[in-house]
Amino acid sequence: MTDRYQRFARTGPGKFLVSRLGLPNPVPLRRYRPDQPPLPGPAVVGAAKGGRLEDTVRKVLASAGIEVGDNVERPGALVFDATGIDTVDRLRELYDFFHPRIRGIATNGRVVVLGTTPDGSKESIPQRALEGFTRSVGKELKRGATVQLVYVEPGADDIESTLRFLLSGKSAYVDAQVIRIGQGTSPRPENWLAPLAGKVALVTGASRGIGASIAEVLARDGAHVVALDVPAQGGELSEVANRVGGSTLQLDITAPDAPTKLVSHLTQRHGGVDIVVHNAGITRDKTLAKMTDAHWDAVLAVNLASQLRINDALLVSGLRAGGRIIGVSSIAGIAGNVGQTNYGTSKAGVIGMVNSYAPLLAAHGGTINAVAPGFIETKMTAAVPLFIREAGRRMNSMSQGGLPVDVAETIAWYASPASGAVNGNVVRVCGQSLLGA
Ligand code: NAD
């Protein structure tokens, strides 16, 4: 799980070779720490004329303790409200704001552009154009800096939890994403350090890897975590549950009676569940011609079919009002991958699950979203052959793999009661991977 190249690139000879040969230069990413300010410097806020979100942005930054300045030499963030841009000519206001400032952005700095969700009308063409701008800026930014585009529906302004996430180390490996904020307001948490206080969170596949990290981060944010995994993983599962002060549930999610068992466990022991993270997933790689029926069936069962059955059971009973369902897709579900027809199908199906259930969850006062991780440093990726592993690590704008915590932080943002206006999103945690971009 170690990135030897990254460590070498930080040594004297490493720095010399990296700069002389133009090799990838993965800087250490600045991840969230409660004792550190959210950003590596003050933010600069700008707006196109007629923008409707600038005041809200300033209020959010003040409440998050982020200093805002005008003539900042090394801004920790550049935030631009582009909602006022209503003609193609006025896209120039975007250029005018960023052109003189982008070079100065701090190491691990953040760029956020806010737009209005395009509706396909002629008037929304300049708003749609913002996507090309932000994705290109993402490819130009160096030294761990990231950029995101946040589309906010007309009339909506519930952007606080999203801005707090993006303008912090919690989004260290999320880059060049388009996030959509809908109507609806969410309660502000009493304590932003424990937004999940009093909530019950189910995390499947929680005994190791990304699932264990999700359990840790949700518990850090105040949730009681019910850590689920197959009985064979019972020992590791108990360790994780003990570490996070949670409880365990040993269950194979593909068993025919799994949804019933799950619902009765959650309702009887915990009075219901608020957050469900479908993290359990498997790979059984072979090219399509060589793939066995069993490998196809197993991957589709764990990664997709079982999750739909669990959702349906929980929507009938168990999922409390305002509940959150969170899927774990993959860039293989977006870009496809050799030897992964089964996995790619299942992970694209997870995106379909988000699209299809979003209105159902909204009717329940809740949300459903997914993360799509890219190359994450886990036991799974450590087993990938060296050459493919190195390609996966470097072929992204951060020139390095992400960590399980990067996926977990994104899930915690979806899980927050303050994210009630974030519904139906699939956000990649991939450092702007070149695959399927
Ligand atoms: P992992 O193999 O380390 O962990 C998966 C866990 O799911 C294991 O503990 C396993 O026992 C559990 N599980 C498998 N089948 C189960 C079943 N039938 N019932 C209950 N639990 C079951 O994998 P990981 O790398 O931590 O990946 C976690 C998720 O992230 C998966 O959905 C994976 O597809 C996805 N993902 C990972 C990466 C990556 O780079 N590691 C990239 C994209 C997506």
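Rule-based calculations on the coordinates, nothing more; no lab input. No experiment lies behind these values; they were computed from the predicted model shown. Cβ atoms come from the backbone with ideal geometry, glycine included; neighbour counts cover every protein chain shown.
The aspartates and glutamates whose alpha-carbon is closer than 13 Å to the alpha-carbon of Lys122, local same-chain residues fewer than 8 away aside, are Asp86.
Available extension along the chain between Leu288 and Gln250 is 10.4 nm, counting 0.36 nm per residue and deducting the alpha carbon span.
Amide H to amide H, with H built 1.01 Å from N, Ile376 comes under 5 Å of Gly402, counting only residues 5 or more places away or on other chains.
From most to least packed by mean Cβ count within 10 Å, the peptides 227-240, 95-108 give 227-240, 95-108. Computed from Cα atoms, the angle from the helix 12-21 axis to the main principal axis of the chain rounds to 70 degrees.
Over the C-alpha atoms of the chain, the Rg to Rh ratio, Rh being the Kirkwood estimate, stands at 0.96.
Note on the range 268-335 and the range 139-170: Cα centroid distance 27 Å, given to the nearest whole angstrom. Starting from the Cα of Asn71, move 7 Å in the Cα-to-Cβ direction to define the label point; list residues of the range 41-63 whose amide nitrogen is under 17 Å from there. Taking a point 7 Å out along Cα→Cβ of Asn71, the residues of the range 41-63 whose backbone N falls under 17 Å are 42-45.
Using only C-alpha atoms and all pairs of different ones, pull out the Kirkwood radius for the range 248-332 in Å with one decimal.
When all Cα pairs of the range 248-332 are included, the Kirkwood radius is 14.0 Å.
Ranking Val422, Leu403, Ser213 by Cα position along the charge dipole of the chain, where only Lys, Arg, Asp and Glu carry charges on their C-beta atoms, puts Leu403 farthest toward the positive end. Ordered by the count of other Cβ atoms within 10 Å of each Cβ, fewest first, Ser416, Ser356 give Ser356, Ser416.
Can you sort Glu409, Glu390 from fewest to most other Cβ atoms within 10 Å of each residue's own Cβ? Walk me through the numbers before you get to the answer.
Working: Glu409 27, Glu390 16.
Ordered by Cβ neighbours within 10 Å, fewest first: Glu390, Glu409.
For a modelled paramagnetic label at Trp192, 7 Å from Cα along Cα-to-Cβ, the residues of the range 52-95 in reach, with backbone nitrogen under 11 Å, are 59-67. Pairs exceeding 31 Å between alpha-carbon atoms, taken from Lys49/Lys347; Lys139/Lys199; Lys59/Lys170; Lys59/Lys379; Lys170/Lys199; Lys139/Lys170: Lys49/Lys347; Lys139/Lys199; Lys59/Lys379.
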